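One structure is given below, encoded as C-alpha cells.
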Amino acid sequence: MNVELKSGGITLPYQQTLVNYCGRIACLAATTLYTPASEFARALGLRGHKPFNLFELSPCLNCARTFRLHVASAKASHGPLGACLHLYEAHEYRQMRLFTDEEGLAGFALYGREIVSVFSHAIRKQTRALPTLIALAVQLGGVHLTCFDTNLTAMYRRSGFEETRRVSWNDELAPGDWNYAALSHFSNGRPDVVSMVGGPGTTCFEVVN
C-alpha cells in the first residue's frame with residue numbers, strides 16, 4: 001500500500017510503501033520502500049538534484065552485516081576523505097534503522113534521532129545523493145548529526161542543518177585511518193568536530209511546501 005505522508009498539511013518528501021523484498025536488492029531483505037513524492041522530485045530537479053528510491057532494511061544481523069559492507073566500500077572509495085565516515089560494527093548497526101538504495105551505493109542509518117553513517121559511493125552515476133538521504137532521514141525523525149568540519153559542514157548547512165556545538169580536534173581521538181598530510185587543507189589536518197541540528201523546518205521540507 002502506498003501512503004502519501006503529510007505533516008501539518010505539508011506533503012512530505014517521501015511516500016511509503018510496505019514491501020517484502022528478499023534477495024532482490026543489494027540489502028538482501030527490506031520491509032519498506034520510500035519513493036520521492038512528485039513535488040519533492042520536481043523541486044530538487046530544479047536545483048540539479050535527482051532523488052531516488054530508498055529501502056529500509058529488515059532488522060536482522062545479516063542485513064546489518066551487509067549494510068556495514070556497503071558503508072565500508074563507500075568509505076574506501078573516497079580515499080583519505082573516507083576517514084570522515086565512521087564505520088560501526090554489525091551488532092551496533094543491528095540496533096539502528098538502516099536505509100540504502102537498490103544498489104547499496106548510498107544510504108544512512110538512524111540511531112534513535114541521530115543521523116549516522118550517511119554514505120554515497122564514489123562510483124554512483126547519480127551524484128549529489130546527500131539531499132535525498134537527508135530528506136528521508138529528517139522525515140523519519142532524524143534531528144541531529146555530528147561531522148568533521150570539512151566540506152561536510154557546508155553540505156549539511158545547505159540541507160538546512162545548523163551548528164549547535166563545536167569541539168576542537170584531539171589527536172588522541174583521531175580515527176585510526178586519519179591521514180594528516182592528505183587532509184591538511186582542513187585546518188592543517190585537524191578540523192573541529194561539529195554538532196548540527198535540523199528537523200521538519202529544514203530546507204528539504206521547504207522545497208515541497
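The values are calculated or read from the model by the stated rules, or taken from the named source; none is laboratory data. Everything quoted here is computed from the prediction, not taken from an experiment. Counting neighbours? That spans all protein chains shown, and the Cβs are built from the backbone with ideal geometry, glycine included.
Quick notes
- Each residue in the stretch 51-61 was checked for being within 15 Å of the chain's Cα centre (by Cα) and part of a loop (DSSP other than H, G, I, E, B), and 3 of them qualify.
- Within the stretch 85-109, the set of residues being surrounded by 20 or more Cβ atoms within 10 Å (Cβ to Cβ) and closer than 20 Å to Phe148 by Cβ comprises Leu85, Ala106, Gly107, Phe108, Ala109.
- Within the stretch 169-183, the set of residues being surrounded by 10 or more Cβ atoms within 10 Å (Cβ to Cβ) and either in contact with a Phe, Trp or Tyr (Cβ under 9 Å, 6 or more places away or on another chain) or within 13 Å of Phe148 (Cα to Cα) (or both) comprises Trp169, Ala174, Pro175, Trp178, Leu183.
- Residue list for the stretch 127-181, filter: at pLDDT 95 or above, out of contact with any strand residue (DSSP E or B) (no Cβ under 9 Å at 6 or more places or on another chain) and outside any loop (DSSP other than H, G, I, E, B): Asp171, Glu172
- Number of the exception - Ala76 against (1) without any contact (Cβ under 8 Å) to a residue 12 or more places away in the chain; (2) crowded, with 22+ Cβ neighbours inside 10 Å: (2)
- Given (1) more than 19 Å from Leu12 (Cα to Cα); (2) assigned to a helix (DSSP H, G or I), number of the condition Ser117 does not satisfy: (2)
- From the list Leu152, Leu110, Leu136, the one residue that fits, being touching a residue at least 24 places away in the same chain (Cβ under 8 Å) and within 23 Å of Arg42 (Cβ to Cβ), is Leu136.
- Count of the stretch 97-119 residues, restricted to those that are of a type in the set (Ser, Thr, Tyr) and more than 8 Å from the chain's Cα centre (by Cα), is 2.
- Considering the stretch 47-73, the residues that are out of contact with any helix residue (DSSP H, G or I) (no Cβ under 8 Å at 6 or more places or on another chain) and touching a residue at least 40 places away in the same chain (Cβ under 8 Å) include one that is surrounded by the most Cβ atoms within 10 Å (Cβ to Cβ), namely Val71.
To keep it simple, each residue is scored yes or no on (1) under 15 Å from the mean Cα position of the chain (by Cα); (2) part of a strand (DSSP E or B); (3) of a type outside the set (Asp, Glu); (4) at pLDDT 90 or above.
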{"residue": "Ala41", "(1), (2), (3), (4)": "no, no, yes, no"}
{"residue": "Cys63", "(1), (2), (3), (4)": "no, no, yes, yes"}
{"residue": "Leu69", "(1), (2), (3), (4)": "no, no, yes, yes"}
{"residue": "Ala72", "(1), (2), (3), (4)": "yes, no, yes, yes"}
{"residue": "Ala76", "(1), (2), (3), (4)": "no, no, yes, yes"}
{"residue": "Gly82", "(1), (2), (3), (4)": "yes, no, yes, yes"}
{"residue": "Glu92", "(1), (2), (3), (4)": "no, no, no, yes"}
{"residue": "Gln95", "(1), (2), (3), (4)": "no, no, yes, yes"}
